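The values are calculated or read from the model by the stated rules, or taken from the named source; none is laboratory data. Remember, it's a predicted structure, so these values are computed and weren't measured experimentally. For neighbour counting, all protein chains shown are included, and Cβ atoms are generated from backbone atoms with ideal geometry for every residue, glycine included. These accessible areas exclude ligands, DNA and RNA; they are computed on the full protein's heavy atoms, side chains included. Shrake-Rupley method; radii C 1.70, N 1.55, O 1.52, S 1.80 Å.
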Number of protein chains: 4
Amino acid sequence: MTQEMVFSESISYIQRKIIDILDNVSQEEIDKIKKLFFSSDRIFVYGAGRSGLVAKAFAIRLVHLGFQTFVIGETITAPVQKGDLVIIVSGSGETIPAVMTAEIAHDLGAYVVSITAKKDSEIAKYADVTLFISATCDEVDRRKYAPLGTLFEASVWILLDGLTADLLAGKNESEEIMRSRHATLEQ
Amino acid sequence: MTQEMVFSESISYIQRKIIDILDNVSQEEIDKIKKLFFSSDRIFVYGAGRSGLVAKAFAIRLVHLGFQTFVIGETITAPVQKGDLVIIVSGSGETIPAVMTAEIAHDLGAYVVSITAKKDSEIAKYADVTLFISATCDEVDRRKYAPLGTLFEASVWILLDGLTADLLAGKNESEEIMRSRHATLEQ
Amino acid sequence: MTQEMVFSESISYIQRKIIDILDNVSQEEIDKIKKLFFSSDRIFVYGAGRSGLVAKAFAIRLVHLGFQTFVIGETITAPVQKGDLVIIVSGSGETIPAVMTAEIAHDLGAYVVSITAKKDSEIAKYADVTLFISATCDEVDRRKYAPLGTLFEASVWILLDGLTADLLAGKNESEEIMRSRHATLEQ
Amino acid sequence: MTQEMVFSESISYIQRKIIDILDNVSQEEIDKIKKLFFSSDRIFVYGAGRSGLVAKAFAIRLVHLGFQTFVIGETITAPVQKGDLVIIVSGSGETIPAVMTAEIAHDLGAYVVSITAKKDSEIAKYADVTLFISATCDEVDRRKYAPLGTLFEASVWILLDGLTADLLAGKNESEEIMRSRHATLEQ
């Protein structure tokens, strides 16, 4: 295969894998998470590195949907309290800041949702719901076409876009209402 | 003078200049700004570079004081509306994003406070109140002890800390209440 | 259709649309962009809101690939110079900060790549290469399953992951070398 | 005292305290830190909340001074290595992310400088140099005029501005060279 084809092979590979991965996400868990959104006071998201960017992209949509939302680690945040919902995106499910965030939130009486690629990870101990994001891969192909956490991050991005559509339907709102909550002074 | 003394000369120089600069800030303008805080729905802050960091540091205190606060350009923000207060920190008062932010906020019916080092700057046209932060300096000393926007940024930091104390008194609240609003999951 | 199915309908819809959108991206343009990476001194990325998060996610991979990379608007950046490459992600291709960034970078002699959903947008005037990201959609479905810029953002995320794999092959490097450049103190 | 005077009382109080605090910083420790700058490969800064903003403001100046600088936790960072310098600003000197950052950096063979308000804090164990930032205060005045970490943060801001001037002299460079390294596309 010539090098010129790596781009198209990669986007095709990543998309096939996202389909496999998201097919394994249980509708039951999604329903549980959706219920937590409607029974929680405020939503907090947390993630590091590229997982953090995925979490922030979701947070922007939650603001558009009218949920009071905070990104842990940004300038404007608030103390997590009992009755809040904390969503943690962590591929490994084992990094200390992610696990600490889960543990502290759990101890404060908040609901915790973890989204992770590692079954039985440390973070799952403190989570009310854990979404397990994973697929069996040929490692040679994966390293070439989707190095490092690429499959996890891209899958979670799409998953959270799907959850956004679901929450929009659940609120009986429209794109137009979401747009009205969009920042007017975005830099 | 030996090089070893530059550190102590610089901190002494910067502090003397901050005193001069803040002596020139009119109590009347501070009172106007304080009134805007108590008559506005929500507070937005904006700044670029080091001025943006000064604005964010103030935003954190506003959250501690219980004001609903947003940092323009961060993940979680909201559309500026009539009745909001927008505070813009811009040394030059002329950079396009800062001026645009002021103009759009003004046109939307928000109150605009600009904090700038340049008299009659473009940004002042759109501001309800402008705090003018400046001092006469010997340029040789300034370049050596406080290069670039150092005096502006340090003075505004202290000024906004003073405004924080003033707002705290205005709300009849205590450090303890502020602490209770402090993020528990700060990373 | 019951509301419970919106999640799975949405992820399926988004994935079908991404396939359509990325099928329309020309290999020729990708090859041009790839050449710019290997002939540029440094890489700068820019985007606002969710597009900015997509741009940042790509920037992290560029660091892993060993390119000297900056995110415009973050604390640590540098002056754009002749010979640098500036990549701008902007759905509308018309927002003032995005267009200004393109114009200034172009005038400084940098190469500019714009990624946009709007043909003949203002930003394209200043771009050496423009990737046009778009698909014909039934608007009723799109609003329900992929509100606001969802399709653009998700497609660009996958596209840039594909470009990452392509650049990795172009550098003859491995996932292992990328991992060695990964932050050790990520918070 | 009328409420109207709290602003001017506060800025006067903060400035008096900064003078006291910085008088206690030993020139010997500053000299040690300065030497570390000139013998280190790259500089990393870390801080959370308002301390993090102070650290970032310093990082911007370090870029202007031509040091290769990274902010731990931002998009573009790098793995800390032996021979790097890690500067950690933490009022308490005890928060887990700050202590972990110090410990990991120390174990990797990097130099660690901690700036803290707490003597014998956990973080000092891993630091090559610790700057102790503190003053005896009447607590009634402090709570009213400088609540929470205000005195620490403002003092460290000025201290690092002084260190900037010192490093500028140490490099025999000018404000003009610093300006040439200033971002041209700051948002």
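Give the residues of the stretch D:1-31 that are in contact with an Asp or Glu (Cβ under 8 Å, 6 or more places away or on another chain) and not polar (S, T, N, Q), sorted by residue number. Give the derivation first.
Residues of the stretch D:1-31 in contact with an Asp or Glu (Cβ under 8 Å, 6 or more places away or on another chain): D:1, D:3-4, D:6-7, D:10-11, D:13-14, D:27, D:30-31.
Residues satisfying the conditions are D:1, D:4, D:6, D:7, D:11, D:13, D:14, D:30, D:31.
Of all residue pairs spaced 6 or more apart or on separate chains, those with beta-carbon atoms under 9 Å, a first member in the stretch A:69-81 that is at the interface with chain B (Cβ under 7 Å from one of its Cβ atoms) and a second member that is assigned to a loop (DSSP other than H, G, I, E, B) and basic (Lys, Arg) are A:69/A:42; A:70/A:42; A:78/A:42; A:78/B:181; A:79/B:181; A:80/A:42. The set of residues from the stretch B:15-35 being among the acidic types (Asp, Glu) and open to solvent by less than 20 Å² (accessible area, probe 1.4 Å) is empty. The residues listed here are A:55, A:59, A:102, A:48; of these, the one that is over 13 Å from the mean Cα position of the chain (by Cα) and among the small types (Gly, Ala, Ser) is A:102.
Of everything in the stretch C:132-153 that is within 24 Å of residue C:5 (Cβ to Cβ), touching a residue at least 24 places away in the same chain (Cβ under 8 Å) and buried (at least 24 other Cβ atoms within 10 Å of the Cβ), the residue that is farthest from the other protein chains (Cβ to nearest Cβ) is C:151.
Could you identify the single residue in D:156, D:113 that is assigned to a strand (DSSP E or B) and in contact with a helix residue (DSSP H, G or I) (Cβ under 6 Å, 6 or more places away or on another chain)? Every option except D:113 fails the conditions.
Filter the stretch B:24-34 for residues that are within 16 Å of the chain's Cα centre (by Cα) and more than 9 Å from chain D (Cβ to nearest Cβ) and give the result.
Kept after step one, since they are within 16 Å of the chain's Cα centre (by Cα), are these residues of the stretch B:24-34: B:24-27, B:29-34.
Result: B:24, B:26, B:29, B:32, B:33.
Taken over the stretch D:171-182, the criterion of being more than 7 Å from every other protein chain (Cβ to nearest Cβ) and surrounded by 16 or more Cβ atoms within 10 Å (Cβ to Cβ) is satisfied by D:173 alone. For the stretch C:93-123, the set of residues classified as crowded, with 17+ Cβ neighbours inside 10 Å and closer than 19 Å to residue C:159 by Cα consists of C:93, C:112, C:113, C:114, C:115, C:116, C:117, C:118, listed by residue number. What's the number of the only condition in (1) among the β-branched types (Val, Ile, Thr); (2) closer than 19 Å to residue D:137 by Cα; (3) at the interface with chain B (Cβ under 9 Å from one of its Cβ atoms) that residue D:21 fails to meet? It fails just one condition, (3). As a summary of the residue check, residue D:82 satisfies the conditions (1) in contact with a strand residue (DSSP E or B) (Cβ under 9 Å, 6 or more places away or on another chain); (2) open to solvent by 10 Å² or more (accessible area, probe 1.4 Å) except for the one numbered (1). For the stretch A:41-67, the set of residues classified as touching a Gly at 6+ places or on another chain (Cβ under 6 Å) and either more than 11 Å from chain C (Cβ to nearest Cβ) or at positive phi (or both) consists of A:41 only. On the basis of being more than 20 Å from residue C:38 (Cβ to Cβ), of a type in the set (Lys, Arg) and at pLDDT 95 or above, does residue C:144 make the cut? Against the criterion (more than 20 Å from residue C:38 (Cβ to Cβ), of a type in the set (Lys, Arg) and at pLDDT 95 or above), residue C:144 qualifies. Among the residues of the stretch B:46-75, those that are open to solvent by 20 Å² or more (accessible area, probe 1.4 Å) and of a type in the set (A, V, I, L, M) comprise B:48, B:63. Checked across the stretch C:36-45, the condition of being crowded, with 21+ Cβ neighbours inside 10 Å and either without any contact (Cβ under 8 Å) to a residue 24 or more places away in the chain or over 23 Å from residue C:81 (Cα atoms) (or both) holds for no residue. Is it the case that residue B:124 is part of a helix (DSSP H, G or I) and touching a strand residue (DSSP E or B) at 6+ places or on another chain (Cβ under 8 Å)? The answer is yes for residue B:124.
Quick one: is residue B:126 open to solvent by less than 50 Å² (accessible area, probe 1.4 Å) and modelled with pLDDT of 95 or more? Show your work before the answer.
Numbers: open to solvent by less than 50 Å² (accessible area, probe 1.4 Å): yes; modelled with pLDDT of 95 or more: yes.
Here the answer is yes, as residue B:126 does meet what is asked.
Here residue C:8 passes the criteria (1) open to solvent by 30 Å² or more (accessible area, probe 1.4 Å); (2) within 15 Å of the chain's Cα centre (by Cα) except the one numbered (2). For the stretch C:82-100, a residue qualifies if it is touching a helix residue (DSSP H, G or I) at 6+ places or on another chain (Cβ under 7 Å), touching a residue at least 40 places away in the same chain (Cβ under 8 Å) and not β-branched (Val, Ile, Thr), and the qualifying residues are C:85, C:90, C:91, C:97, C:98.
Residues are listed down the side, and each one gets a yes or a no for (1) within 25 Å of residue C:164 (Cβ to Cβ); (2) within 9 Å of chain C (Cβ to nearest Cβ):
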position	(1), (2)
A:84	no, no
A:94	yes, no
A:99	no, no
A:107	no, no
A:160	yes, no
A:169	no, yes
